[in-house]
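The block underneath contains the structure these notes are about, expressed in structure tokens.
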Amino acid sequence: MSTLLTYISVSDGKVKRSSLEVLSRCNQLAEENGLQSDALIIDPKANEVAVKVKAYGPSTIYTVEDPIFKNHLNTPLLKAMATALDQINPNVLAFASTESSKDILGALAANRDAAALADVSEFDLTNTGVKAKRPVMAAKIISSVESTSYPTILTVRSGSYDLIEKSVDSEVKEIAFSFDESDLKITLKEIIGATGDKIDLSEAETVVAAGRGAKDEEGQKLVEELASLLNGAIGASRALTEAGVYDPSLQIGQTGKVVSPQLYIAVGISGAIQHVAGMANSKVIVAINKDPDAPIFDIADYGMVGDLYEVLPPFIEELKKI
Ligand code: FAD
């Protein structure tokens, strides 16, 4: 039977929500088209992770387990992918758009002689391939693209589809794999950046983002307190990452991260197109800005016109009572 295969992204043992969204969409398409929806996990603890993925109902969960996959390294990942794809031979291989999938998409497509569609926000099957919508030019334009052959490999923006649990008795099949470290073409020297318990910005359900309006320590403290009370992640506009206030990894936008939380609160952010490109897919957008003509209000579901230094303290006090 023809197969739609979803690659499950895992970070420190945690399954990325965005890849389960892609799996939910593949399940739906498989059901509509009489196909099979399977999943592939490549991780040092792939079989343990498979247990968590079962709740999302792929027919078969293929696992490739090896310590080499602790950090992203494209040579072993490509080799493991090729080994798995030789065995599974799917019509469609779908990834969530992540740094890792962006890194291997081109090489994998060349290796499989496959069509590649990057960073789509919607996809469906045709008789001969996949048709998709893809935001381009900082999401100013939505292009319609279509592959005309299988296999087709695609990466899907986070937040494009809802998570749907599905009860199926998934089968787990382990794929044999070995990798000789002397074949590594790139070695990992050091990882610099945010680690620990911080909420992953790209996966967060709530994001509170600070802009130039929150220009001083007092403003940033308010934003951080709000994020903490809402159990959300902190994001920032480029105005604040360029000023060195927040780490570049927290920048949202065209040259930063793309986020699609359930709730996005923009505090003192004007809503420049380059910022909006990274957050327009958020489910509910709340904007706090003292300028009633700020462009962020054009895309906000709820807007509060006011000075953040006056608006946020009573709001935070009310939240503390809950
Ligand atoms: P501003 O545009 O200065 O807006 C500050 C807002 O705060 C204003 O609307 C103001 O009314 C409000 N404000 C001020 N004081 C208060 C107060 N006390 N209370 C309430 N509101 C207040 N930007 C990104 O964010 N992400 C990107 O990835 C990105 N990529 C870019 C790529 C390129 C090629 C280029 C050219 C630009 C890019 N930018 C990006 C920059 C972008 O164009 C904007 O300059 C930037 O987003 C502005 O950040 P801001 O909204 O925080 O600041």
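The values are calculated or read from the model by the stated rules, or taken from the named source; none is laboratory data. Computed from a predicted model, the values in this text were never measured in an experiment. All Cβ positions, even for glycine, are placed from backbone atoms using ideal geometry, and neighbour counts span all protein chains on display.
Summary of computed values
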| quantity | calculated |
| --- | --- |
| Selected residue (criterion: nearest to the chain's Cα centre (by Cα)) from residues of the range 251-268 that are modelled with pLDDT of 95 or more, of a type in the set (A, V, I, L, M) and under 26 Å from residue 163 (Cβ atoms) | 252 |
| Selection count where residues are within 11 Å of the ligand (Cβ to nearest atom) and of a type outside the set (Asp, Glu), scope the range 304-322 | 7 |
| Inter-residue pairs, beta-carbon under 6 Å, first more than 10 Å from residue 202 (Cα to Cα) and in the range 249-265, second polar (S, T, N, Q) and within 6 Å of the ligand (Cβ to nearest atom), 6+ apart | 253/274; 254/274 |
| Selection count, the range 292-305, where residues are more than 16 Å from residue 210 (Cβ to Cβ) and over 28 Å from the mean Cα position of the chain (by Cα) | 3 |
| Residue in the range 75-90 that is closer than 21 Å to residue 146 by Cβ and in contact (Cβ under 8 Å) with a residue 40 or more places away in the chain present | yes |
| Scan of the range 230-261 for residues that are within 10 Å of the ligand (Cβ to nearest atom), touching a strand residue (DSSP E or B) at 6+ places or on another chain (Cβ under 8 Å) and not in a loop (DSSP other than H, G, I, E, B), ordered by number | 235, 236, 238, 240, 241, 251, 252, 257 |
| Test result for residue 271, touching a Pro at 6+ places or on another chain (Cβ under 9 Å), within 7 Å of the ligand (Cβ to nearest atom) and at pLDDT 95 or above | yes |
| Matching option when the condition is within 27 Å of residue 258 (Cβ to Cβ), touching a helix residue (DSSP H, G or I) at 6+ places or on another chain (Cβ under 8 Å) and at pLDDT 95 or above, among 213, 159 | 213 |
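So that you can scan it fast, the table gives a plain yes or no per residue for (1) closer than 18 Å to residue 304 by Cα; (2) among the small types (Gly, Ala, Ser); (3) surrounded by fewer than 22 Cβ atoms within 10 Å (Cβ to Cβ); (4) out of contact with any Asp or Glu (no Cβ under 9 Å at 6 or more places or on another chain):
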{"site": "174", "(1), (2), (3), (4)": "no, no, yes, no"}
{"site": "185", "(1), (2), (3), (4)": "no, no, yes, yes"}
{"site": "190", "(1), (2), (3), (4)": "no, no, yes, yes"}
{"site": "212", "(1), (2), (3), (4)": "yes, no, yes, yes"}
{"site": "244", "(1), (2), (3), (4)": "no, yes, yes, yes"}
{"site": "251", "(1), (2), (3), (4)": "no, no, no, no"}
{"site": "268", "(1), (2), (3), (4)": "yes, yes, no, yes"}
